[in-house]
1. For the range B:8-52, enumerate the residues that are within 16 Å of ligand 4 (Cβ to nearest atom) and assigned to a strand (DSSP E or B).
2. If I ask for residues that are touching a helix residue (DSSP H, G or I) at 6+ places or on another chain (Cβ under 9 Å), outside any loop (DSSP other than H, G, I, E, B) and closer than 24 Å to B:E202 by Cα, which ones from the range A:252-288 would you list?
3. Scanning for something within 16 Å of ligand 1 (Cβ to nearest atom) and either of a type outside the set (S, T, N, Q) or within 7 Å of chain B (Cβ to nearest Cβ) (or both), does the range A:237-245 turn up at least one residue?
4. Inside the range A:5-22, can you point out the residues that are touching a residue at least 12 places away in the same chain (Cβ under 8 Å) and open to solvent by 10 Å² or more (accessible area, probe 1.4 Å)?
5. Can you name the residue in the range A:205-246 that is basic (K, R) and surrounded by 21 or more Cβ atoms within 10 Å (Cβ to Cβ) and is also farthest from A:G38 (Cα to Cα) among such residues?
6. Filter the range B:279-290 for residues that are buried (at least 17 other Cβ atoms within 10 Å of the Cβ) and under 30 Å from A:G264 (Cα atoms); which is nearest to the chain's Cα centre (by Cα)?
7. Would you please name the residue that is farthest from ligand 4 (Cβ to nearest atom), looking only at residues in the range B:285-321 that are among the hydroxyl-bearing types (S, T, Y) and assigned to a loop (DSSP other than H, G, I, E, B)?
Amino acid sequence: MQSVLEVNNLRTRFRTQDGTVYAVNGVSFSIDEGEMLGVVGESGSGKSVTMMSLLKLIPMPPGEIASGQAIFEGNDLLDMKPDELRQLRGHHIGFIFQDPMTSLNPVLTVGHQIMEPLRTHLGMTKQEAAARAIELLELVGIPMADQRLKDYPHQFSGGMRQRVVIAIALGCNPKLLIADEPTTALDVTIQAQIIDLIKRLQKEFGMAIVWISHDLGVVAGLADRVAVMYGGLIVEKADVRELYSNPQHPYTRGLLGSLPRLDGTDDKLVNIKGQPPNLRQEPTSCPFAPRCDFAFDRCTAENPLLEQVNNKGGGMHEVACWWDIDAEKPRYDQKS
Amino acid sequence: MKTKEVLVKVDNLKKHFPIYEGVIRRQVGAVKAVDGVSFEIFKGETLGLVGESGCGKSTTGRTLLMLHPPTDGSIQFKGQEITDKTGQEMRSIRPDMQMIFQDPHACLNPRMTVGSIIDEPLREHTNDSYEERLKLVQSLLELVGLNSSHTNRYPHEFSGGQRQRIGIARAIALKPEFIMCDEPIAALDVSIQAQVVNLLEELQEELGLTYLFISHDLSMVRHIADRVAVMYLGKIVELAEKDALYGEPQHPYTQALLSAVPVPDPLKEIDRERVILKGDVPSPANPPSGCRFHTRCPIANDKECVTIDPEWREVRPGHFAACHLID
Ligand SMILES: Nc1ncnc2c1ncn2[C@@H]1O[C@H](COP(=O)(O)OP(=O)(O)OP(=O)(O)O)[C@@H](O)[C@H]1O
Ligand SMILES: Nc1ncnc2c1ncn2[C@@H]1O[C@H](COP(=O)(O)OP(=O)(O)OP(=O)(O)O)[C@@H](O)[C@H]1O
Ligand code: SF4
Ligand code: SF4
Ligand SMILES: [Mg+2]
Ligand SMILES: [Mg+2]
C-alpha cells in the first residue's frame, strides 16, 4: 500500500510570554491510501497542534515549527508557501475542525461556502457548482438540499452544521481528510449518524482519513490503526485490534482501564495517578514517568523512542517505553 | 438488599421558561424544559439521569433543589413538601441538599482561597469557632485527596480534577444527605474522571450519601448508578435498575441511545447493530404531539403514537416506561 502522507520528527512549540510550550516533540507517522488512522490522547497531548502544524494552521507567532518533514504526494508540506498550502487545503486535503462554526463563515450562505472551492479548485461554472453542492448536501443527509443552499449556518442545528462542514471538506474529493474531533460536540445519537456517514463516504471515495478523538470507543469502531499521544509524543501505535487487546504502553493500559464498560463488567475503575505533564520543557526523559507504576532509573534519564515490538498477531505495533510490561523486565539491555 | 427508604420524591414536576418577544416583552410561548416528571430517590442510592443535550436534566436537578421555583408539581424531601417553603424555611433544609457542577472553575470564586471556599458554608450554617472550622476544612481536604496545607492557595493553582475535588469538599462540608451531581466529570480528562468517580463512590460509602448523578456518559452512569432514568424532551421515558435498563431496555429511545454509544473494543464494535435515529431533537418550545419521540421513533405508528401522550407505567416489576407499544 502506498502512503499518502508521511510525517517525520515534527516539533512544534509556542513561545509565549510566560515561557515556551513544547507542544509537539518529535512526532512521526504515515497514513496509507484509503486508511483510517485514529489519533487518541488526553486534552493538551498535542493532537490538534500536530495536524494543524502540517498545514500551518497554527498561529505563527507564537507558534513555531522547529523541525520536521511532512511528505504529501512527493512534496514537503512544511516547505510550501502559504498560498500553495491554501491551494492544497480544500482541494487535495480536507480539514474538519472540532467546532463547526470555526470552519463556517456566519455571514455567507451555506451554498456559497460549498460552491466556492468547487469553482476555484475545480473550475466549475456557477450552475455546475450549484448542482454539485446539492448533490453533496444530499450525500451528507440534509433533507430538501436544493432549498437550503440559500440558508446561513445559524439556520442549521449543530449536527446539521457538522454535515455541511463535511460536505465542504469532501467537495473536491480530497485524497486525505483530517477530522479533528468531528463529533465531540455532538450528542451520541447524532454522533452515530455522522460516523455512519463517514464510513459510507470513505467506502465510496476511498480517501485516507486521520480521525482525532479523545474517545477510545469512537476510534475502536472506526480506525484501522491507532496512535496514542501523550505529552506531545506518540507513545504507542498499532493496528486497532492489537492496540485494544494487547496494549503495551503503561499509559495506554491505564487509559483503557480507567474507562467504564457499557456492559457493566467493570468493578472499580483504575486510576491513573497524578496530572498530565505541563510541557514547559523539552522532554529529556519519559514524559509519563511521574505517573507510571513501572518507572525505573532509565525512565528518568532517557526518553524512549518508538520501536517495533513483537506482537502475537503479527503486523505493526510500536511502543515508546523502556519497560516490557508482559515480561516484567526492562525491554532493552541497559546501555553500558 | 437495601431497605428502600425514600429520600426524595418528585411528582409531576414541571418547569417552563417563558419566551418573550417584542418591545413590550409579551410572552409568546414557553420552553417546556421539564414537563411532568415523577420519580423517587432512595436513601443511600445513586440515581443516574441521562439523555441528550437540552432534554432537561440540569433543569430537573436545579428545580429539585428549589434553585428556581417549579411551574407545577410536588417535591418531597424526607417526607416534607418543599415547594411551598419560604426562603427562611429553605435555609434550614439547604445544608442537607448540596450540589456539584460540571465546570469546577465557574463555581469556585477565583478571589477566595481554597480554605475560605470550603469554609463558606460552615461559616454560614454553623456556630463553630474559626479553629474548629479550620480543622474541619483541613480534614475535608485530606478526605478528597488534597494536601491539607493548601488552604491558602487559590483555585487557579489547581488542575481541573483538583478543582473538582475542592467543589466536592465544599459540597460535603455540612454533611449533607443528598448531593445533586450535574455532569461532575464532563470537563475532565479520561484518566482524571476515574479519580473523581472513585472519590465520589468512596465518600458515598463512608458518609452514606445519596446522589442524583446527571451525565450524558452512559457507560459511566452504568458504573456509578443503582437505578437509571432516561429523559427525552422534558419527560422521563424510562426508569429501572441499571442492569435491567442496560440489559433489557424497553423504550425505543433508550434502545437507540444505548446502541449509539461507542464501546472501546474493536471486536465488539465490528458486529454491533446500531439503531441510527433520523433527524434532530425537536424544540422543547414546541414539542411534537402525542408521544414526543414519534418524529424519530423507528417503530412509531400513525395512530396513538401521534395523538396520545403515552402513559407512564410499570411495564415490568420496578421497571417504568412511557410507550404505547410495550406490552
Ligand atoms: N496558540 C497557542 N499558544 C500557546 N500554547 C498553545 C497554543 N495552541 C496550543 N497550545 C498548547 O499546545 C499543547 C497541545 O495542544 P493541542 O491543542 O494540540 O492539544 P490536543 O491534544 O488537541 O487537546 P484537546 O483534546 O484538548 O483538543 C497544549 O498544552 C496547548 O496549551
Ligand atoms: N434559564 C433558562 N431560561 C430559558 N430556557 C432555559 C433555561 N435553562 C434551560 N433552558 C432550556 O431548557 C431546556 C433544557 O435545558 P437543560 O439545561 O435542563 O438541559 P440538559 O439536559 O441539562 O442539557 P445539557 O446536556 O446540554 O446540559 C433547553 O432547551 C434549554 O435551552
Ligand atoms: S519508559 Fe518507564 S516511565 Fe515511561 S512508560 Fe515506560 S516504564 Fe513508564
Ligand atoms: S409511543 Fe410510539 S412513538 Fe413513542 S416511543 Fe413508543 S412506539 Fe415510539
Ligand atoms: Mg484538540
Ligand atoms: Mg445540563
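The values are calculated or read from the model by the stated rules, or taken from the named source; none is laboratory data. This is a predicted model, so every value here is computed, not measured. With ideal geometry, Cβ positions are generated from the backbone for all residues, glycine too; neighbour counts draw on all protein chains shown. Heads up: the accessible areas ignore ligands, DNA and RNA and are worked out on the full protein's heavy atoms, side chains in. Shrake-Rupley method; radii C 1.70, N 1.55, O 1.52, S 1.80 Å.
1. Taking the range B:8-52 first, the residues within 16 Å of ligand 4 (Cβ to nearest atom) are B:35-36, B:51-52.
Result: B:D35, B:G36.
2. A:G254, A:L255, A:L256, A:G257
3. If we filter the range A:237-245 for residues that are within 16 Å of ligand 1 (Cβ to nearest atom), which is where we start, we get A:237.
Going one step further and asking which of them are either of a type outside the set (S, T, N, Q) or within 7 Å of chain B (Cβ to nearest Cβ) (or both), we end up with A:237.
Checked against the condition, which is being within 16 Å of ligand 1 (Cβ to nearest atom) and either of a type outside the set (S, T, N, Q) or within 7 Å of chain B (Cβ to nearest Cβ) (or both), the range A:237-245 yields at least one hit.
4. A:E6, A:N8, A:N9, A:R11, A:R13, A:F14, A:R15, A:T16, A:G19, A:T20, A:V21, A:Y22
5. Quick first cut of the range A:205-246, residues basic (K, R) only: A:225, A:237, A:241.
Restricting the remaining residues to those that are surrounded by 21 or more Cβ atoms within 10 Å (Cβ to Cβ) gives A:225, A:237.
Working: A:R225: 6, A:K237: 10 Å.
Among residues in the range A:205-246 that are basic (K, R) and surrounded by 21 or more Cβ atoms within 10 Å (Cβ to Cβ), the one farthest from A:G38 (Cα to Cα) is A:K237.
6. B:V281
7. Filtering the range B:285-321 down to residues among the hydroxyl-bearing types (S, T, Y) leaves B:289, B:295, B:307.
Retained after the next criterion (residues that are assigned to a loop (DSSP other than H, G, I, E, B)): B:289, B:295.
Values: B:S289: 11, B:T295: 8 Å.
Only one residue fits best here, namely B:S289.
Residue-wise test of (1) more than 16 Å from ligand 1 (Cβ to nearest atom); (2) out of contact with any strand residue (DSSP E or B) (no Cβ under 6 Å at 6 or more places or on another chain); (3) among the polar types (S, T, N, Q).
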| position | (1), (2), (3) |
| --- | --- |
| B:L239 | yes, no, no |
| B:L245 | yes, no, no |
| B:T254 | yes, no, yes |
| B:K268 | yes, yes, no |
| B:V281 | yes, yes, no |
| B:P288 | yes, yes, no |
| B:I299 | yes, yes, no |
| B:I308 | yes, yes, no |
| B:I326 | yes, no, no |
